């Protein structure tokens, strides 16, 4: 079985690693260069989308921001999964919001802005404070504003107007500010036969809008809420593959913040913490194979490595620590890799996170240090 992945980044790389034991061959299509590459070595295997499609049994995607003309060509081939509708929803907040509404899934009150008049209407209908997000292109905290006071409106509108004017299809989605207790996410898979398997919820910590720490948690009530909403969204799309839903936890009630129609950063912990990792289950789903068990087998956290290309050697000597590098050139703030930290039970995991705080720099790994400080109080 040969799977073509649209996108040649770390998610395609990890799909390739997960697919090898199942004899699933992975190639990646670099949307920017139009090269077909090996996802591990980046060796150029060919060029052109038509050639890539012809040699593939299945086509999938590792990110949402793919030009629609490429998605449409892939959809016409009859090989693309989950679907272009799902990928477009992940890449356009307007489509995403409509999808959540149609699936009757709770999400924040919102209003779409194209003009200054729309902005005024949004302030009236959504209220202040509000969060404003670009409909297209924004991720990891980019393309976002917070309106806390009406006096900020003119200055924020000037920045948003510039964003909207950058492309004909751009807009801003205004959302009510949600005073949540924490952010959690659910990663799950839906097979071609409609079967659904979800992983345990993960509690996520963000620093400057970027995920820095993600830990699998056990909360039966929240888990059931999340699974119900996951199933509603996945069924509404007739989804095939791995899908992630990000939630706000409001005192035990979940509200969907975003969806990601792909394997997800907050699911990287499954590589060491679950019976079957998210990358293998995505490949199983799109290739028509039975889904693997999503059972938690050990307490696990994932730590993003941002802007660093080396780690202290003590990390590799620590039992239960597994380092995953992405083979990227170093750049400030760039996702260079991640560390999965495992313990036989929660207390052991917590102690290992504290031990990591002793060897990892506070500047590069603030969430680990914050955890250690909170744990010691």
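Please treat every number below as a calculation from the coordinates, not as lab data. Fair warning: this is a prediction, and the values are worked out from it, not measured in the lab. FYI the Cβ positions are ideal-geometry reconstructions off the backbone, even for glycines, and counts take in every protein chain you see.
Here the extension length gained between residue 148 and residue 314 equals 55.4 nm, from 0.36 nm per residue of separation less the Cα-Cα distance.
Take residue 326, project a point 7 Å from its Cα along the Cβ direction, then tell me which residues of region 49-67 have their backbone nitrogen under 17 Å from it. Taking a point 7 Å out along Cα→Cβ of residue 326, the residues of region 49-67 whose backbone N falls under 17 Å are 61-66.
Taking only DSSP H segments of four or more residues, each worth -39500 (n - 2.57), what value at 222 nm results for the chain once the sum is divided by all its residues, to the nearest 500 deg cm²/dmol?
On the way: 13 runs with 124 residues, N = 377.
Mean residue ellipticity at 222 nm (helix-derived): -9500 deg cm²/dmol.
Placing pseudo-labels 7 Å out from each Cα toward the beta carbon at residue 169 and residue 192 gives an inter-label distance of 2.9 nm.
Quick one: divide the alpha-carbon radius of gyration of region 109-176 by 2.2 N^0.38 Å and tell me what you get.
Values: Rg = 10.7 Å, N = 68, 2.2 N^0.38 = 10.9 Å.
Its radius of gyration relative to the 2.2 N^0.38 Å reference: 0.98.
Each of residue 351 and residue 220 was given a label point 7 Å from its Cα along the Cα-to-Cβ line. The distance between the two points is 2.8 nm.
If you average the sequence gap of Cα pairs under 8 Å that are 6 or more apart and divide by the length of region 182-376, what percent do you get for the contact order? Could you put the intermediate results ahead of the total?
Working: 412 pairs, mean separation 39.0, N = 195.
Answer for region 182-376 is 20 percent.
Normalised by the number of residues in the chain, the mean separation of alpha-carbon contacts (under 8 Å, six or more apart) gives a relative contact order of 13 percent. Once you reduce region 134-202 and region 9-82 to the center of their Cα atoms, the two points are 26 Å from each other.
Between the alpha-carbon centres of region 342-377 and region 251-304 there is a gap of 22 Å.
Of all the Cα-Cα pairs you can form in region 182-376, what percent are over 27 Å apart? Display every interim value, and only then the final one.
Working: 5306 of 18915 pairs.
So the pairs more than 27 Å apart make up 28 percent of the total in region 182-376.
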